[in-house]
Amino acid sequence: MVRSKENSTKDKLPAWLDQQLFVEFIDRDFPNLKKIKSYRLEPSSGNGENYTSLLLRANFELELIDGSQQIISYMVKVLPNSGNRDNVASWKVFDKEHKTYGEYIPEFEKMYREAGKEITFGPRYYESKNKLEEELLVLEDLGKRGFINVKRQDGLDMLHTKATLEKLAQFHAASAVRFELKGAYPAMYNRNLCSEEDNFKDFRENQTKAYVEACPLYDASHLAKSVETYGSQADDMFQAIAPEIEGEFRVLNHGDAWCNNFMYKYDDAGKLTETYFVDLQMSRFSSPAQDLLYFILSSTHVDIKIAQFDYLIKYYHEKLTESLKLLKYPKPLPSLRSLHQSIFTHGDWILPIVSILLPVVLVDPSDDANMDSLMDSESAGEKFRNNMFKNPRIIRHQKEILPWAHRRGAFEVRN
């Protein structure tokens with residue numbers, strides 16, 4: 001039986017997520033609460049906007065003791081109600097996000113306040129005092145304060161790109177200073193996904209095969225064999241343990257730094273005033289090269305991502321060193337040259353970004369734009385991959401990126 005999209009979505013809403021779970025948060029926000037008048041749970045993102053968790057909005061209508069009415073909503077993340085649920089549960093992404101929002105971001109923001117600068121990195125985090133059997137993350141609904149995402153298929157213009165790079169630089173700087181002052185981050189931050197076994201091998205092979213077959217569309221038939229050979233031998237960067245390279249500058253990377261995970265706020269005149277992070281499930285302690293490659297190659301406008309790549313790295317470096325100085329980083333500042341060297345060293349990120357992440361960013365919304373289709377090796381997966389690799393947007397981006405990546409030796413097979 002084919003069910004309507006509306007009914008299908010409704011069926012996926014977790015029955016255990018009732019209003020009682022939010023009472024402790026509402027009490028904190030509204031100490032003069034009289035009663036909850038209504039509660040409604042709804043999906044908060046469309047198809048193709050979120051892959052590793054089910055993102056919901058919990059809406060409440062409240063009555064306060066003085067008789068006034070108040071409307072409030074919270075953003076809620078739970079495990080996906082799909083075939084990929086067990087995989088996501090094993091990745092420790094919820095453990096990591098609770099830790100980052102609950103401990104590290106408040107520390108980083110305090111470091112800046114003590115240095116005389118007010119910086120906020122993301123939404124308010126609500127930590128439950130109760131032991132829950134299900135994975136649950138509750139955050140402030142930034143939409144209520146006017147924050148929005150930029151349309152992912154368009155790519156970020158220079159203004160939004162620079163604002164995002166500045167925020168990443170501030171986050172990275174604080175994380176590096178904290179590391180020097182307080183020591184190592186927990187082991188789960190050594191890699192993006194803490195998988196106990198590699199469940200992505202078939203997926204990577206299918207994705208690389210479809211990507212190689214699409215190379216003629218990208219005027220890159222001459223690269224197909226190199227990409228195929230390199231892809232067959234490359235590690236899965238999402239599961240790889242971050243290398244510890246002597247003398248390399250390391251930071252806590254956002255880890256999933258693509259445009260949907262940044263939200264922007266504007267004043268009444270339309271001027272960009274604030275940039276916030278969301279979705280910190282995949283943070284990894286490594287070179288900032290990871291976030292820089294991930295963000296620039298996946299999320300910037302096609303006209304700037306390659307043509308302005310070196311300029312964007314220089315801009316990031318300026319903002320990074322500015323923040324490191326402000327926070328009194330106790331070691332020599334990383335040079336621009338060493339940052340470029342790290343970007344070459346961590347070039348293994350380029351193939352998964354351009355063959356997995358970028359097509360997901362640019363694909364049109366559809367019913368099959370989800371993790372199950374992405375992982376599927378049969379007809380549903382083939383249909384989704386065709387939509388990803390053959391749409392005009394991805395063709396234009398790949399024509400810009402592939403020659404650049406090839407000139408950098410991104411697909412060289414190591415002996």
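Points worth noting:
- For the pair A89 and L132, a Förster radius of 22 Å applied to the C-beta separation gives a FRET efficiency near 0.95, rounded to the nearest 0.05.
- Taking label positions 7 Å along the Cα-Cβ direction at both E103 and R414, the computed distance is 3.1 nm, reported to one decimal.
- Size of electric dipole in the chain: Cβ of Lys, Arg +1 and of Asp, Glu -1, about Cα centre, debye, nearest 20: 860 debye
- Ordered by the count of other Cβ atoms within 10 Å of each Cβ, fewest first, T273, T120, T100, T321 give T273, T120, T321, T100.
- In order through segment 58-64: 3J(HN,Hα) via Karplus (6.51 cos²θ - 1.76 cosθ + 1.60), integer Hz, x for Gly, Pro: 9, 9, 10, 10, 10, 10, 9
- A protection proxy built from the mean count of other Cβ atoms within 10 Å ranks the segments 307-318, 286-297, most packed first, as 286-297, 307-318.
- Estimated FRET transfer efficiency (E322, Q153; beta-carbon r; R0 35 Å; 0.05): 0.60
- Taking the average, over residues, of other Cβ atoms within 10 Å as the packing measure, peptides 59-65, 298-304 rank 298-304, 59-65 from highest down.
- Point-to-point label distance, D18-E196, nm (Cα→Cβ direction, 7 Å offset): 3.2 nm
- Modelled label reach - K390, point 7 Å along Cα→Cβ, segment 128-168 residues with backbone N closer than 19 Å: none
- For the set K271/K325; K99/K305; K96/K182; K201/K383; K37/K92, the pairs lying more than 24 angstrom apart at their alpha carbons are K271/K325; K99/K305; K37/K92.
- In plain terms, the chain from E180 to R145 could stretch by 9.1 nm, reckoned as 0.36 nm per residue minus the Cα-Cα distance.
- Label point 7 Å beyond Cα of L272 along Cβ direction - residues of segment 87-123 with amide nitrogen under 19 Å: 119-123
Quick note: the coordinates plus some simple rules give every number you see, no bench work behind them. These figures come from a predicted structure and were not determined experimentally. Here the Cβ is made from the backbone with ideal geometry for all residues, glycine too, and neighbour counts use every protein chain on show.
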